1. So what's the projected area for the range 311-351, the Cα convex hull averaged over all directions, in nm²?
2. For THR344 and SER423 in the same chain, what is the full-extension length gain: residue separation times 0.36 nm, less their Cα-Cα distance, in nm?
3. 5 Å is the cut-off here: which amide hydrogens, built 1.01 Å from N in the peptide plane, fall below it relative to PHE339, excluding neighbours closer than 5 in sequence?
4. Counting only complete DSSP H runs, which helices of the chain cover 30 Å or more along their long axis at the Cα atoms and score a mean Kyte-Doolittle of -1.0 or above?
5. Could you name the lysines whose alpha carbon sits less than 23 Å from that of LYS93, not counting residues in the same chain fewer than 8 places away?
6. Mind checking the per residue accessible area of the chain for me, 1.4 Å probe, whole number of Å²?
7. How large is the Kirkwood hydrodynamic radius of the range 290-421, in angstrom, based on all distinct alpha carbon pairs?
8. Using the Kirkwood radius built from alpha carbon pairs, what does the Stokes-Einstein equation give as D for the range 405-529 at 4 °C and 1.567 mPa s, in µm² per second?
Amino acid sequence: MWVSVGVGSVLAVETGERIRELADRIVALRDAYYRGSPLVADAEYDAIEDELAELIAARPDLAPDPNPLEQVGAPAELHAPVRHSRPMLSLEKATKPEQVTAFFERFPGQSVVVMPKLDGLSLALVFEDGRFARAVTRGDGTTGDDVTMLVRALVDGVPDRIDVPGRVEVRGEAVMLRSTFLAYNTAHADKPLINPRNAAAGTLRAKDPATVAERRLRFFGFDLDTSDGGAAVGLEEGLRAVGVAGAQMRLCADAEQARAAITAIERGRDELDYDLDGAVLRLADRDAYAAAGTRSNSPRGALAFKFAAEEKTTLLREVIWDVGKTGKIVPVAWLEPVFVGGTTVTKATLANQEVIRARDIKVGDTVLVRRAGDVIPFVAGVLDAAARTGEELDIVAPTACPSCAQPVTEQGNSRELFCTNVSCPAQTVRRLIHWASRAAADIDAIGPVWIERLAEAGILECPSDFYTLTNERLLEFDRIGEVSAARMIDSIDASRGVGLRRALIGLAIPMASDGTAARLARAGFGSLEEVADAGEQRLVAVEDIGPKVAASLVEHLTRLRPELERLRAAGVSLDVREEDLPPVIAAGAPLEGKTVVITGAISDPRSGEKVARPTFQRLCEKAGATAASSVSANTDMLITGAGVGDSKLAKAEKLGVEVVDQGEVWNLLITAKIV
């Protein structure tokens with residue numbers, strides 16, 4: 001007997017099966033995440049939730065019971081359960097600017113606080129009559145885990161007592177600072193943590209504080225309840241009153257200001273010591289926020305704007321061992337293309353064979369790839385080794401150089417590999433690219449691809465060969481026209497004034513850093529040849545140059561002596577430049593003894609013309625200042641130009657550093673006749 005089944009019925013069955021599959025997947029992923037062993041990256045989890053939400057919206061009659069989208073966080077079973085005084089909810093997500101506009105339209109006339117969305121573990125801290133009484137995880141949103149003992153032992157930023165009577169509840173995020181994460185992984189290279197967020201979650205689910213004593217966390221507040229309601233006190237002021245730090249908050253009157261604040265937070269995220277995954281918008285008026293009410297699993301008066309994911313999972317297809325400019329051979333992961341950190345990533349670093357061993361990474365694994373800002377993508381680890389099929393392959397380090405086939409050597413505790421053949425073709429190309437880089441000779445018109453082609457043709461073998469190139473020789477190559485050839489030659493000619501410091505950087509001498517080159521330039525050496533002739537004893541006398549660095553300088557500059565002579569013959573300056581010498585401090589130096597940080601675009605008020613930051617920094621040094629690159633507790637003054645980002649200003653405010661507009665400093669420089 002034939003039974004007729006309509007297309008709609010078939011689709012309904014398929015949709016129902018997909019809904020159940022996604023719901024079960026979410027439950028399993030949440031359980032793994034809150035136990036500190038995530039199976040997918042955040043962005044992939046969000047995509048699964050989004051698909052389920054779309055299917056349920058189209059067919060609400062097929063919604064699973066219970067619906068995991070209406071549940072929050074993790075099951076509360078690892079520690080004693082505690083019921084929250086009010087639900088501790090998730091936030092509605094947004095990824096598009098128009099969703100920010102819609103949020104403001106939902107609450108006309110209301111100002112909104114915009115703050116960073118920290119990527120850690122949500123906690124509720126309860127204080128009773130001034131005494132810290134209890135710390136509870138978010139759990140399922142209704143009931144969480146009592147982690148008071150762990151918070152007392154491991155979390156900084158939680159006061160033992162506060163000067164506020166009655167019951168006070170502070171909600172916020174416990175995060176592992178990036179510096180703590182790095183220090184821990186350095187000390188435990190055999191079993192590193194995969195990322196700061198999961199490290200925070202795992203730390204507060206430990207059975208015993210002693211087992212995770214080195215994993216200190218920090219608490220930042222984002223919400224506040226007091227027994228008297230606290231209606232007259234804003235969120236930021238209220239947190240400050242109870243002695244809890246909150247991430248910097250920006251008060252925005254409209255959607256345009258909020259979008260600008262979100263952009264500023266995203267741009268400054270890489271300068272912070274903790275991870276962000278977005279920005280939170282919340283009604284500034286606490287009464288209005290409470291009156292807005294809640295949905296099933298999120299407050300109506302708040303919105304989470306998610307940034308581009310900095311972590312994704314993908315397939316590790318192959319490992320290539322790459323030879324660098326100093327002969328160091330590093331493993332590079334070739335990946336199934338994945339969009340992460342704002343770009344499509346196909347390659348990522350694996351550091352060295354000890355990192356591969358410690359993280360138990362194999363070819364064929366599904367791995368977590370991380371890219372933050374301009375940082376080179378790296379493989380953080382394998383998410384689920386239990387899911388292996390048996391077809392994965394061990395990563396085997398080479399015994400011979402992949403470029404020249406000469407034997408390799410191992411150095412250091414990390415067993416880093418090196419090719420010691422100075423004529424190795426791969427090293428040659430990398431050294432030429434490095435000479436042409438911005439930090440060295442700055443031959444910007446000839447990119448790495450053309451340098452490699454010229455090297456393959458036998459035209460470039462060492463830096464001095466750049467200065468033998470002619471228009472005619474370049475025009476022999478396909479795809480180099482007269483305009484391009486002229487630009488290349490002009491760029492080469494401009495690089496002849498490279499000077500001692502940048503030439504030393506460009507020669508890529510092992511263990512000799514950019515700082516080494518700067519210290520030698522300021523130590524009285526007049527030329528690169530003088531450094532080559534100095535000998536180890538004189539070099540060690542220079543501040544922060546040790547015996548190993550001195551020996552490397554002597555060895556390699558002795559070998560490179562013929563190359564220095566060829567550079568000189570080509571008209572390349574190897575003499576110290578005035579800009580690299582110690583500044584001559586002006587009499588009555590107005591900035592004497594001050595440590596300054598410069599941020600924003602600098603311009604001369606007399607002409608209105610832009611001034612390069614290094615030039616302005618040099619003027620400040622002549623005025624007696626010591627210039628630093630980042631704001632710290634040792635900074636005396638943050639000098640601001642146009643278009644200043646919020647991150648350095650926020651840090652200066654937090655540390656009590658004086659913020660001074662560039663115009664005031666220019667007035668000091670002009671009055672002291674430094675300019």
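1. Numbers: hull surface 12.6 nm².
Projected area, direction-averaged: 3.1 nm².
2. 25.0 nm
3. VAL345
4. On the way: long enough: 7-34 (40 Å, 0.14).
Membrane-span-like by this rule: 7-34.
5. Straight-distance partners of LYS93: LYS117, LYS306, LYS312.
6. Values: 32780 Å² over 675 residues.
Accessible area per residue: 49 Å².
7. For the range 290-421, inverting the mean 1/r across all distinct Cα pairs yields 16.9 Å.
8. Working: Rh = 16.0 Å.
Stokes-Einstein gives a translational diffusion coefficient of 81 µm²/s.
The values are calculated or read from the model by the stated rules, or taken from the named source; none is laboratory data. Every value quoted in this text rests on a predicted model; they were computed, and no experiment measured them. With ideal geometry, Cβ positions are generated from the backbone for all residues, glycine too; neighbour counts draw on all protein chains shown. Quick note on the areas: whole protein, heavy atoms, side chains included, nothing else; ligands and nucleic acids left out. Shrake-Rupley method; radii C 1.70, N 1.55, O 1.52, S 1.80 Å.
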